[in-house]
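Trainee: One structure is given below, represented as structure tokens, and several questions about it will come after.
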């Protein structure tokens, strides 16, 4: 069976787990702590980061290329639906959340408060955490802006844009730092994501030593 | 005619310019200084970063999505040649250079030494520059490792993997910080890239106030 090397607090890993479930693809999972720089793992991916997918036939696919690979091999249901223009818009938003949101929010919050502790890489930087807490409002406003104008973030259909945004927000929600009370439109969109069967494994995540808040897995949060 | 908003020292912009030339697509160009946060530009792309492509029919495509979009609309010649596995390998390497190389080398060298000055965002950080100068060796070794085993970095054919690597290295070479003398295999690969007609406009780049070294545009460097 195919195997995904992932970490429960890695948004890029969650993205692939949700995509695999949306496409109904069987997969086994191994939790990898990339900061341990395990030799067998580095042999799979010299960049040493999660996620890494190993197919039955030993094909190795890493990082963001996994989503494009799954879409090419298993196009149904599509996570990049529509024509080139629509697909470009979905990829733009996926890059927004994987890149901009990750740098401006997730690295500052999950990176500083949790990953540094788990990987014993020093103390949290208070300035970075404050920046992350300030930046998240702007991104939640953007989610609201998009979801007021479209059925899903990338257009009429559920897509990789929703998966990328939800993967980021779900790790922040795991450490209870999403200010949902001030962002009801973004919260409504996230409630729709949470109720999808493909999101179940993400809501069941438990990281040893880091407990999620009670509302984390609650569909009526 | 389509219009590309770009900056000559942005590797992501150079990537698109090379790809457009490889595919023989006409395009007009506008130099954009993203740090000026021009309002009309932010209206095109709320992330406010280069490159941004505007098509004749006003379709707007931004960032890394441009390459996938061009490949879908103009598949010949392919820059993501081969089947899903081959394409995943090319995308892995493109992400390596766009992400890892950019963070570990380009931001530390071009970002600190040039972009900070052009954008008046403070003084160069000597520690970052030293890190960039150290990191580049490891990446040039990786280019050599790949080009010893394959005709081009991503496999038998010239591809987005070569474009992504060359786009990064060319901006470092513009400020004369590539240690070519110690990396002859990587230099041989780069010489082959430099001789491609698609690379001509990159070699003709001139940034006001930042002159390239004599060897920059020389095919026999």
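FYI, it's all coordinate maths here, none of it is from the lab. Values in this document were obtained by computation on a predicted structure and should not be read as measured data. No Cβ is skipped: glycine too gets one built from the backbone with ideal geometry, and neighbour counts run over all protein chains shown.
Trainee: Please work out which residue of chain B brings its Cβ closest to the axis of the rotation superposing B onto A, and round that distance to whole Å.
Mentor: Axis relating chain B to chain A; nearest Cβ residue and distance: B:68, 4.
Trainee: Could you check which residue among B:78, B:179, B:197 shows the biggest mean-square fluctuation in a GNM of chain B with a 10 Å Cα cutoff?
Mentor: Taking springs between Cα atoms under 10 Å, the residue moving most is B:197.
Trainee: Please list the three semi-axes, largest first and in whole Å, of the ellipsoid equivalent to region B:41-161, using sqrt of 5 times the eigenvalues of its alpha carbon gyration tensor.
Mentor: 28, 25, 8
Trainee: Another question, then. Could you please rank A:215, B:123, B:6, placing first whichever residue has the fewest other Cβ atoms within 10 Å of its Cβ?
Mentor: Ascending Cβ contact count within 10 Å gives the list B:123, A:215, B:6.
Trainee: Relative to the other copies, what are the label-point distances for residue A:124, with labels 7 Å from Cα along the C-beta vector, expressed in nm at one decimal and sorted shortest first?
Mentor: So the distances to the same position in the other copies read 3.6 nm.
Trainee: I want to verify a result. In a Gaussian network model of chain A, Cα cutoff 10 Å, which of these has the top mean-square fluctuation: A:162, A:181, A:102?
Mentor: Maximum among the listed residues: A:181.
Trainee: Please report the projected area of region A:122-192's Cα convex hull averaged over all directions, in nm².
Mentor: It is 5.1 nm².
Trainee: Next up: First measure r as the distance between the Cβ atoms of residue B:29 and residue B:125, then evaluate 1/(1 + (r/R0)^6) with R0 = 41 Å and state the FRET efficiency to the nearest 0.05.
Mentor: 0.85
Trainee: Compute the distance from the alpha-carbon center of region A:147-195 to that of region A:92-109, in whole Å.
Mentor: Each part reduced to its Cα centre gives a spacing of 14 Å.
Trainee: Between region B:201-221 and region A:1-45, how far is it from one alpha carbon centroid to the other, in angstrom?
Mentor: Distance between centres, Cα-based: 43 Å.
Trainee: Step by step: find N for region A:94-221, compute 2.2 N^0.38 Å, then divide the Cα radius of gyration by it. What's the final number?
Mentor: Rg over 2.2 N^0.38 Å, computed on Cα atoms: 1.03.
Trainee: Also: By DSSP, what percent of the beta bridges with both residues in the protein assembly as shown are antiparallel, rounded to the nearest 5?
Mentor: Once the DSSP bridges in the protein assembly as shown are tallied, antiparallel ones form about 65 percent.
Trainee: Kindly put B:89, B:55 in sequence by how many other C-beta atoms sit within 10 Å of each C-beta, fewest to most.
Mentor: Ascending number of Cβ neighbours within 10 Å: B:55, B:89.
Trainee: Taking the beta-carbon count within 10 Å as an exposure proxy, list A:176, A:205 from fewest neighbours to most.
Mentor: Fewest-to-most Cβ neighbours within 10 Å comes out as A:176, A:205.
Trainee: Also, I was wondering about something else. Looking only at Cα atoms, what is the convex hull volume of region A:163-218 per residue, in Å³?
Mentor: Given the Cα convex hull of region A:163-218, per-residue volume reads 76 Å³.
Trainee: 7 Å from Cα along Cα→Cβ at both residue A:43 and residue B:141: what's the point-to-point distance in nm?
Mentor: Simple spin-label model gives 1.9 nm for this pair.
Trainee: Jot down the radius of gyration and Dmax of the protein assembly as shown, Cα atoms only, both in angstrom.
Mentor: Computed over the Cα atoms of the protein assembly as shown, radius of gyration and Dmax are 21.5, 66 Å.
Trainee: While we're looking at this one, here's another question. In nanometres, what is the gap between the two model label sites at residue A:36 and residue A:150, each 7 Å from Cα along Cα-to-Cβ?
Mentor: Spacing of the two 7 Å Cα→Cβ label points: 3.9 nm.
Trainee: A follow-up question, please. Quick one: the Cα spread of chain B along its three principal axes, in angstroms, biggest first?
Mentor: Cα extents, longest axis first: 47, 46, 28 Å.
Trainee: Moving to a separate point now. Of all DSSP beta bridges located in chain A, what percent are antiparallel, nearest 5?
Mentor: Percentage antiparallel, nearest 5: 65.
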